[in-house]
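Asker: Okay, here's the structure, questions in a sec.
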Amino acid sequence: MKEKLKKLLILFAILSTVAGFIGTHDPPALGWHSIPFMDAVVGVIGALVLMVLIKGLATFLSKKEDFYD
Amino acid sequence: MIRSIPPAFIFILGAFFIPLFRGRAKQLYLLFVNAFVLIDLSLLEAGTGWVIQFLGYDLIFAEVDRLSLAIAYIFAVIGFLAILYSLQNKQTGEQMAAFLYMGSSLGVVFSGDYLSLFIFWEIMAFASVFLIWYRREKASLDAGFRYLFMHIFGGCCLLTGILLHITSTGSLKVEPLTNSWSSLFILVGFGLNTALIPLHTWLPDAYPLGTITGSVFLSIFTTKTGVYTLARCFSGNEFIAIMGGVMAVYGVVFALLQNDIRKLISYHIISQVGYMIAGIGVGTELGVNGGVAHLINNLLYKTLLFMCTGSVIYMTGRSKLTELGGLAKQMPVTCITCLVASFSISGAPGFNGFVSKGMVLASVLEVHPPFLELLLRFASVGTFLSFIKLSYFTFFEKNEKIRAKEVPWNMQVAMIVIALLCILIGMAPKVLFHILPYASVDYHAYTSSHFIGVLQLFSFAGLVFVFAKKTFSPHQWIILDVDYFYRMTLRWVAWLCMGPLNDLRRRIQNSLSRSVRFLIYLSKDPLSLPERSAEYRQWNREDEVSALESIGGKKERRYNENIYRKPMGVGVLLAILFLFFYGIIYFLK
């Protein structure tokens with residue numbers, strides 16, 4: 001299951017990146033909208049930032065389940 | 001011609017007849033009332049109706065326009081499906097609370113004045129808390145009280161704002177508000193229901209502890225009426241727009257840290273409400289349409305998510321991701337509908353979230369700096385990761401210990417219908433566009449850049465999840481939120497009240513009691529006051545003890561109450577007689 005999911009995601013990642021280069025674009029509202037793989041970058045960086053963020057928050061904010069009891 | 005009545009009254013009156021029915025008849029009655037409300041809504045005409053004069057003000061119970069109708073329709077449809085889902089529920093009190101809650105929510109939507117809005121607002125708060133308490137566990141009872149206290153605070157702020165608004169403008173009409181003290185208080189009142197940060201803590205605290213069906217109802221109405229009121233009164237407010245972006249991110253970050261499935265979804269309510277109010281805060285026609293469209297879509301997939309997680313808890317008795325897993329084959333309908341809801345909330349192409357998230361993002365790009373757009377895109381990544389986590393660890397992660405079967409037919413039907421609606425709106429968004437407040441707005445959801453962008457975002461974020469699954473794995477912990485400060489502050493206040501302040505009160509009370517006792521003692525024999533004063537002066541010269549003894553001895557010897565009763569009685573009698581004769585003379589004259 002996990003392997004299939006991984007392969008599927010890799011396939012989608014490749015296809016969507018290629019499509020970003022050949023697809024038509026809306027008029028860019030901001031500079032970075034004209035970069036064809038910008039959303040891929042946002043996806044990766046966003047996920048990595050979230051990983052770091054939840055690691056950090058978990059260190060400070062995680063408590064035992066009966067903390068308030 | 002048939003004249004429709006405000007749908008709120010149908011639910012509120014209908015609630016009181018629920019105890020008269022039993023078994024199948026009760027189930028039919030619940031569905032019938034909902035169906036009746038839907039028919040009634042179709043008969044409502046645009047304009048102002050059901051106006052009642054009260055203390056010189058107009059109370060408007062049916063202010064009907066495209067916005068209120070759009071929200072009311074989705075409330076009624078989802079309410080019907082939630083009732084269908086909850087037919088197994090045998091608790092009459094909970095069903096009454098659900099009806100009162102639905103009715104008062106519709107009351108808020110159609111209120112044309114702040115006073116009737118406030119009344120329905122409070123009925124909502126007090127009815128909805130029973131959906132938590134009916135779980136009959138200590139944790140639910142405590143969470144219910146916290147929920148109620150927060151909402152009472154919000155209600156007080158709202159009432160203060162309304163009174164200030166009436167004082168300054170002389171008007172009760174619900175209308176867009178400008179910056180003033182009254183609007184600040186009203187914003188806090190509305191904002192608490194909308195779960196604006198840091199007023200949001202009641203939501204992830206109480207919703208996971210409601211009954212299985214109660215949480216489904218809770219997820220539908222409270223925050224959405226809050227969003228609706230913000231759309232009515234604070235559309236185009238920049239603070240609201242930025243708050244929307246902050247909420248969207250805050251919700252997903254905390255959702256990713258949760259172990260309880262309903263708590264995870266509760267945090268996503270905050271995040272999704274963020275998208276809605278970002279659109280409303282932008283305030284353009286596209287922004288308001290996007291916010292309302294996202295509200296409607298969110299009602300569908302969020303209700304579906306609460307139904308799916310409720311079904312999992314109903315059949316397994318477990319709500320922690322660390323204890324779940326392997327349910328995909330055992331509960332296929334729940335699994336598939338949960339996946340539909342997950343794709344919808346993530347905004348995947350082909351599902352309803354794709355349409356409304358696109359509208360909100362497009363509206364943000366029209367007006368605001370890139371900061372808000374980045375926040376919303378970042379939140380999209382987090383939403384997708386959260387729901388991969390939820391679906392994976394609930395349905396696909398190996399767990400040999402767990403045994404479950406699919407939920408009863410009525411629960412399945414409700415979930416399937418909502419899942420189909422999510423797909424229908426995703427595939428044919430014009431169905432949604434027809435009911436939005438601004439009919440003239442032209443938006444194309446399926447542009448190639450939007451479609452490809454979302455695919456890129458999800459596939460790359462998904463790959464990060466697959467390669468770093470351990471980081472996103474659930475743990476048996478709780479994560480402290482802002483409510484930690486509330487709880488600690490309240491504990492400190494409780495200590496201050498019970499310790500130092502109570503001690504101070506006791507000291508003041510004792511000294512006052514001594515003074516009062518002394519005055520009572522003096523008042524028993526006021527004629528002896530000059531004599532006593534002379535004796536007190538003597539204390540300075542003589543031994544204190546002997547002086548007191550002499551006073552006490554004289555009092556025992558001399559004092560006789562009856563000596564003073566007679567002249568007082570004569571005095572009172574004379575006063576009454578005087579008044580009597582005065583009265584006779586006055587009337588004869």
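Asker: Can you confirm whether B:ILE416 is within 30 Å of B:VAL355 (Cα to Cα), in contact with a Ser or Thr (Cβ under 7 Å, 6 or more places away or on another chain) and more than 10 Å from chain A (Cβ to nearest Cβ)?
Answerer: So B:ILE416 fits the description; yes.
Asker: Separate question: Which condition breaks for B:ALA348 when tested against (1) within 21 Å of B:ALA293 (Cβ to Cβ); (2) part of a helix (DSSP H, G or I)?
Answerer: Among (1) within 21 Å of B:ALA293 (Cβ to Cβ); (2) part of a helix (DSSP H, G or I), the lone unmet condition for B:ALA348 is (2).
Asker: Out of the residues in segment B:453-492 that are at the interface with another protein chain (Cβ under 7 Å from one of its Cβ atoms) and among the small types (Gly, Ala, Ser), which is surrounded by the fewest Cβ atoms within 10 Å (Cβ to Cβ)?
Answerer: For segment B:453-492, the residue satisfying everything is B:ALA468.
Condition check ((1) within 8 Å of chain B (Cβ to nearest Cβ); (2) in a loop (DSSP other than H, G, I, E, B); (3) modelled with pLDDT of 80 or more) across all residues:
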position	(1), (2), (3)
A:LYS6	yes, no, yes
A:HIS25	yes, yes, no
A:ALA29	yes, yes, no
A:ASP66	no, yes, yes
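Asker: Take B:GLY358 and tell me if it is more than 24 Å from B:ILE240 (Cα to Cα), within 12 Å of another protein chain (Cβ to nearest Cβ), of a type in the set (Gly, Ala, Ser) and crowded, with 20+ Cβ neighbours inside 10 Å.
Answerer: Considered against the rule, which asks whether it is more than 24 Å from B:ILE240 (Cα to Cα), within 12 Å of another protein chain (Cβ to nearest Cβ), of a type in the set (Gly, Ala, Ser) and crowded, with 20+ Cβ neighbours inside 10 Å, B:GLY358 comes out as no.
Asker: Of all residues in segment B:324-343, how many are over 30 Å from the mean Cα position of the chain (by Cα) and on the phi < 0 side of the Ramachandran plot?
Answerer: 8
Asker: With the requirement that a residue be farther than 30 Å from B:ARG22 by Cβ and either among the hydroxyl-bearing types (Ser, Thr, Tyr) or in a helix (DSSP H, G or I) (or both), what does segment B:90-117 give you?
Answerer: Within segment B:90-117, B:VAL108, B:VAL109, B:PHE110, B:SER111, B:TYR114, B:LEU115, B:SER116, B:LEU117 qualify.
Asker: Now for a separate question. Would you point out which residue out of B:ILE261, B:ILE240 is within 27 Å of B:TYR134 (Cα to Cα) and either at pLDDT 95 or above or buried (at least 24 other Cβ atoms within 10 Å of the Cβ) (or both)?
Answerer: None of the other options fit; the residue is B:ILE261.
Asker: Kindly indicate whether any position in segment B:121-134 is without any contact (Cβ under 8 Å) to a residue 12 or more places away in the chain, assigned to a helix (DSSP H, G or I) and surrounded by 22 or more Cβ atoms within 10 Å (Cβ to Cβ).
Answerer: Yes, because at least one residue in segment B:121-134 is without any contact (Cβ under 8 Å) to a residue 12 or more places away in the chain, assigned to a helix (DSSP H, G or I) and surrounded by 22 or more Cβ atoms within 10 Å (Cβ to Cβ).
Asker: For segment B:411-508, give me every one of the helices (runs of 4 or more DSSP H) that falls completely inside it and has 3 or more residues that are within 33 Å of the chain's Cα centre (by Cα) and among the aromatic types (Phe, Trp, Tyr).
Answerer: By residue number, B:483-496.
Asker: Follow-up. Quick check: is even one residue across segment A:44-52 facing chain B (nearest Cβ under 7 Å), surrounded by fewer than 12 Cβ atoms within 10 Å (Cβ to Cβ) and either in a helix (DSSP H, G or I) or at pLDDT below 90 (or both)?
Answerer: Checked against the condition, which is being facing chain B (nearest Cβ under 7 Å), surrounded by fewer than 12 Cβ atoms within 10 Å (Cβ to Cβ) and either in a helix (DSSP H, G or I) or at pLDDT below 90 (or both), segment A:44-52 yields no hits at all.
Asker: Also, quick follow-up: Only one of these conditions is not met by B:GLU400: (1) outside any helix (DSSP H, G or I); (2) crowded, with 24+ Cβ neighbours inside 10 Å; (3) among the charged types (D, E, K, R). Which number is it?
Answerer: B:GLU400 satisfies every listed condition except (2).
Asker: Here is a follow-up. With the requirement that a residue be within 14 Å of chain A (Cβ to nearest Cβ) and of a type in the set (A, V, I, L, M, F, W, C), what does segment B:379-413 give you?
Answerer: If the condition is that a residue be within 14 Å of chain A (Cβ to nearest Cβ) and of a type in the set (A, V, I, L, M, F, W, C), then B:ALA379, B:VAL381, B:PHE384, B:LEU385, B:PHE387, B:ILE388, B:PHE393, B:PHE395, B:PHE396 are the ones that fit.
The values are calculated or read from the model by the stated rules, or taken from the named source; none is laboratory data. Quantities reported herein were computed from a predicted structural model and do not represent experimental measurements. Here Cβ is always computed from backbone atoms with ideal geometry, including for glycine, and neighbour counts include all displayed protein chains.
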